[in-house]
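**Q** Input: one structure, supplied below.
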Amino acid sequence: MKLTRVGSPGSERPALIDRNGKLRDLSGVVTDIAPDMLSRQSLERLRALDSATLPSLPQGTRIGPTVGHIGKVVCVGLNYRDHAKESGLPIPEQPVLFMKATTAICGPNDDVIIPHGSTKTDWEVELGVVMGETARAVPVEQALDYVAGYVVVNDVSERAYQLEQGGQWVKGKSCDTFCPVGPMLVTTDEISDPQKLPMWLEVNGHRYQNGTTADMIFGVAEVVSYISRFMTLMPGDLISTGTPAGVGLGLRPPTYLKVGDVVELGIEGLGRQKQRMIGAQ
């Protein structure tokens, strides 16, 4: 299934994207695409619906963050060898974990705000993993059974805040609008192998990132299992699994986003995003 949320910020309604690409209103069936309906049983009930009987929604409606009420965003840094190399950092022996504030979450096509004083706002196309079941210390072999589906994430980052001001990476990752999510949650039955997904990102029409999830150092199952050793993963939690080479930090000279720039990105089978950079008010 392909699930999404549409409407104005804070008032999104749940929707399904049918086989013809049409938006279908799910608000008569569920209140939201949220943690309490991401379990296997809940998704099976939605899968059993005849989408043709659901009301249509107008195309062009704003798409909100694909999952509502996300409890936490856990990110994996340096999870592609080529990205670690361009960042001038060693290949990690274990997944590098950091958090991203949930207040950074926005819709996939919403404007991204460049913060006051920012000179190094950067881009990162990433595969997002949405949890469907509570996971505690799960073995790698069973880890994907706890996943509800996959989304596109742009892990927008302010490199000066992240790397030049001491402390943890979180403050360079958590500015408002720094976590566009969507345009749809694609359930695991439609993604046979999350390690075979081409991904890309462009700024103003120039392609900077062109990678594949096959190049992850730690695959999705390993990441889910690893994180669940240190914290309980709850339904609706989002894991952003890292980015391939081609971020602005790694270019020579480094290149960063400015007001008016347009970023487009996507992952095969999961859709695409488009954001315009605006200045903070």
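**Q** Could you say whether any residue in region 68-83 is open to solvent by less than 40 Å² (accessible area, probe 1.4 Å), in contact (Cβ under 8 Å) with a residue 24 or more places away in the chain and out of contact with any helix residue (DSSP H, G or I) (no Cβ under 9 Å at 6 or more places or on another chain)?
**A** Within region 68-83, none of the residues are open to solvent by less than 40 Å² (accessible area, probe 1.4 Å), in contact (Cβ under 8 Å) with a residue 24 or more places away in the chain and out of contact with any helix residue (DSSP H, G or I) (no Cβ under 9 Å at 6 or more places or on another chain).
**Q** I need every pair where a residue in region 151-166 that is in a helix (DSSP H, G or I) has its Cβ under 6 Å from the Cβ of a residue that is of a type outside the set (Lys, Arg), sequence separation at least 6 or different chains.
**A** The qualifying pairs are 159/122; 159/249; 161/172; 162/169; 162/172.
**Q** Out of 170, 186, 140, which single residue is touching a residue at least 40 places away in the same chain (Cβ under 8 Å) and more than 19 Å from the chain's Cα centre (by Cα)? Outline the logic, then answer.
**A** Numbers: 170 fails: more than 19 Å from the chain's Cα centre (by Cα); 186 fails: more than 19 Å from the chain's Cα centre (by Cα).
Among 170, 186, 140, only 140 is touching a residue at least 40 places away in the same chain (Cβ under 8 Å) and more than 19 Å from the chain's Cα centre (by Cα).
**Q** From the list 246, 271, 250, 211, exactly one residue is touching a residue at least 40 places away in the same chain (Cβ under 8 Å), at positive phi and in contact with a helix residue (DSSP H, G or I) (Cβ under 9 Å, 6 or more places away or on another chain). Which is it?
**A** On the way: 271 fails: in contact with a helix residue (DSSP H, G or I) (Cβ under 9 Å, 6 or more places away or on another chain); 250 fails: at positive phi; 211 fails: at positive phi.
Answer to the selection: 246.
**Q** Within region 67-94, which residues are closer than 25 Å to residue 107 by Cβ and among the hydrophobic types (A, V, I, L, M, F, W, C)?
**A** Selection gives 67, 70, 73, 74, 75, 76.
**Q** Out of the residues in region 1-44 that are of a type in the set (D, E, K, R) and part of a loop (DSSP other than H, G, I, E, B), which is nearest to residue 58 (Cα to Cα)? If you could, list the steps in order and put the result at the bottom.
**A** The first filter runs over region 1-44 and keeps only residues of a type in the set (D, E, K, R), leaving 2, 5, 12-13, 18-19, 22, 24-25, 32, 36, 40, 44.
Keeping just the survivors that are part of a loop (DSSP other than H, G, I, E, B) gives 12, 18-19, 22, 32.
Working: 12: 14, 18: 13, 19: 16, 22: 9, 32: 18 Å.
This residue is 22.
**Q** I've got another one for you. Among (1) within 16 Å of residue 107 (Cα to Cα); (2) open to solvent by less than 20 Å² (accessible area, probe 1.4 Å), where does residue 42 come up short?
**A** Condition not satisfied by residue 42: (1).
**Q** Go through region 219-281 and tell me which strands (runs of 3 or more DSSP E), entirely inside it, have 1 or more residues that are open to solvent by 10 Å² or more (accessible area, probe 1.4 Å).
**A** Numbers: elements: 238-240, 262-267, 271-279.
Passing ranges, in order: 262-267, 271-279.
**Q** Now for a different question. State which residue is most open to solvent (accessible area, probe 1.4 Å) when the search covers only region 149-171 and only residues that are touching a strand residue (DSSP E or B) at 6+ places or on another chain (Cβ under 7 Å) and more than 21 Å from residue 33 (Cα to Cα). Spell out how you get there, then give the answer.
**A** Step one: list which residues in region 149-171 are touching a strand residue (DSSP E or B) at 6+ places or on another chain (Cβ under 7 Å), which gives 149-159, 168-170.
When the remaining residues are screened for being more than 21 Å from residue 33 (Cα to Cα), the result is 155-159, 168-170.
Values: 155: 1, 156: 2, 157: 0, 158: 1, 159: 8, 168: 137, 169: 61, 170: 52 Å².
Only one residue tops the list, namely 168.
**Q** When only residues in region 85-116 that are open to solvent by 70 Å² or more (accessible area, probe 1.4 Å) and in a loop (DSSP other than H, G, I, E, B) count, which is nearest to residue 173 (Cα to Cα)?
**A** Looking at residues that are open to solvent by 70 Å² or more (accessible area, probe 1.4 Å) and in a loop (DSSP other than H, G, I, E, B), I get 116.
**Q** If a residue has to be in a loop (DSSP other than H, G, I, E, B) and surrounded by 12 or more Cβ atoms within 10 Å (Cβ to Cβ) to count, how many in region 45-58 make the cut? Break it down stepwise before answering.
**A** So the first thing to find is which residues in region 45-58 are in a loop (DSSP other than H, G, I, E, B), and the list is 48-50, 54-55, 57-58.
Now narrow it down to the ones that are surrounded by 12 or more Cβ atoms within 10 Å (Cβ to Cβ): 49, 54, 57.
Residues flagged as in a loop (DSSP other than H, G, I, E, B) and surrounded by 12 or more Cβ atoms within 10 Å (Cβ to Cβ) within region 45-58 amount to 3.
The values are calculated or read from the model by the stated rules, or taken from the named source; none is laboratory data. Model, not experiment: these values are computed from the prediction. Don't worry about glycine lacking a Cβ; one is built from the backbone with ideal geometry, like all the others, and counts go over all protein chains shown. We work out accessible area using only protein heavy atoms, side chains counted, and drop any ligands, DNA or RNA first. Shrake-Rupley method; radii C 1.70, N 1.55, O 1.52, S 1.80 Å.
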